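The values are calculated or read from the model by the stated rules, or taken from the named source; none is laboratory data. Note that this is a predicted model, so its numbers are computed, not measured. All Cβ positions, glycine included, derive from the backbone under ideal geometry; neighbour counts span all protein chains shown. To get the accessible areas, we keep the full protein, side chains included, count just its heavy atoms, and leave off ligands, DNA and RNA. Shrake-Rupley method; radii C 1.70, N 1.55, O 1.52, S 1.80 Å.
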Amino acid sequence: MIISENAAVLFHYTLTDEDGNQLDSSKGKEPLAYLHGHKNIIPGLEKAMEGKQAGDVMVVNVAPADGYGEIQEQKIQEVPRKTFQAEDITVGMRFVAQTPDGPLTVFVTAVTDETVTVDANHPLAGKKLTFDVRIETVREATEEELTHDHVHGAGGHQH
Ligand code: ZN
């Protein structure tokens with residue numbers, strides 16, 4: 001069957017940035033499973049999947065707007081180092097900040113003696129992404145999967 005609304009899709013991928021650096025890959029792991037049309041994956045990739053079938057191989061280029069969004073400057077903040085309880089704060093550390101809108105994941109992008117710069121943008125925001133994709137399996141989703149908005153089993157949710 002071809003990929004359309006409510007298909008359960010399993011695919012292998014390798015993700016690279018515009019400089020050709022590999023950011024992520026499913027190689028050697030289970031293929032990634034998603035439910036088509038349910039925003040389980042970024043819009044640019046989901047759109048490219050439409051109409052494809054098992055065995056198809058493709059290269060998908062995704063602009064930030066169709067990926068993890070543009071970098072928003074207001075999500076980058078410099079805060080006093082004493083705000084943090086941790087002794088050793090290094091670039092790349094991840095914290096969950098409590099905000100009035102709920103928990104927010106931030107990454108440390110710079111550290112001085114006095115301040116820590118934290119960034120709440122997604123780590124892949126602002127990046128042009130390239131996905132090398134091989135579609136492994138396309139099947140009808142089960143009623144339960146549709147109710148849950150995700151695919152169950154290997155590569156999907158285990159519960
Ligand atoms: Zn579920």
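If you average the alpha carbon positions of the range 117-136 and of the range 1-41, how far apart do those two centres end up, in angstrom?
So the two Cα centres are separated by 12 Å.
Under 21 Å between alpha carbons, and skipping anything fewer than 8 positions from LYS82 in its own chain: which lysines qualify?
none
In µm²/s, what is D for the range 7-95 at 37 °C and 0.692 mPa s, where D = kT/(6 pi eta Rh) by Stokes-Einstein and Rh is the Kirkwood radius from Cα pairs?
So the translational diffusion coefficient is about 201 µm²/s.
Work out the charge dipole of the chain with +1 on the Cβ of Lys and Arg and -1 on the Cβ of Asp and Glu about the Cα centre, then indicate which of ALA110, HIS12, GLY67 is farthest towards its positive end.
Of ALA110, HIS12, GLY67, it is HIS12.
Once the Cβ-Cβ distance between VAL91 and ILE71 is put in as r, and R0 is 22 Å, what FRET efficiency do you end up with, to the nearest 0.05?
Once the sixth-power term is evaluated, E becomes 0.85.
Quick check on packing: order 131-140, 100-109 by the mean number of other C-beta atoms within 10 Å, highest mean leading.
Final packing ranking: 131-140, 100-109.
Order of 121-129, 82-90 by packing, highest average Cβ count within 10 Å first?
Ranked from most to least packed, the peptides come out as 121-129, 82-90.
Cross-link partners among lysines for LYS75, C-alpha distance below 20 Å, same-chain residues fewer than 8 apart left out?
Reachable lysines: LYS127, LYS128.
Could you state the accessible area per residue of the chain in Å², with a 1.4 Å probe and every protein chain left in place?
Heavy-atom accessible area per residue stands at 61 Å².
Charges only on Cβ, +1 for Lys and Arg, -1 for Asp and Glu: so what's the dipole of the chain about the Cα centre, in debye to the nearest 20?
180
Ignoring ligands, DNA and RNA, what percent of the accessible area of the chain is carbon or sulfur (1.4 Å)?
48
To the nearest 20 Debye, how big is the dipole of the range 73-119 about its Cα centre, given +1 on the beta carbon of each Lys and Arg and -1 on that of each Asp and Glu?
Around 120 debye, computed over the range 73-119.
Tell me, what is the Rg over Rh of the chain, with Rh the Kirkwood radius over Cα pairs?
When Rh is taken as the Kirkwood radius, the ratio is 1.06.
Among 112-118, 19-25, how do they line up by average Cβ neighbours within 10 Å per residue, starting with the highest?
Final packing ranking: 112-118, 19-25.
So for the range 73-119, Kirkwood radius off the Cα pairs, Stokes-Einstein at 4 °C and 1.567 mPa s: how many µm² s⁻¹?
Answer from the Stokes-Einstein relation: 119 µm²/s.
Looking only at the range 1-18, which residues have a backbone nitrogen under 11 Å from a spot 7 Å from the Cα of ASP132 in the C-beta direction?
Backbone N within reach: 13-16.
7 Å from Cα along Cα→Cβ at both ALA120 and VAL79: what's the point-to-point distance in nm?
1.0
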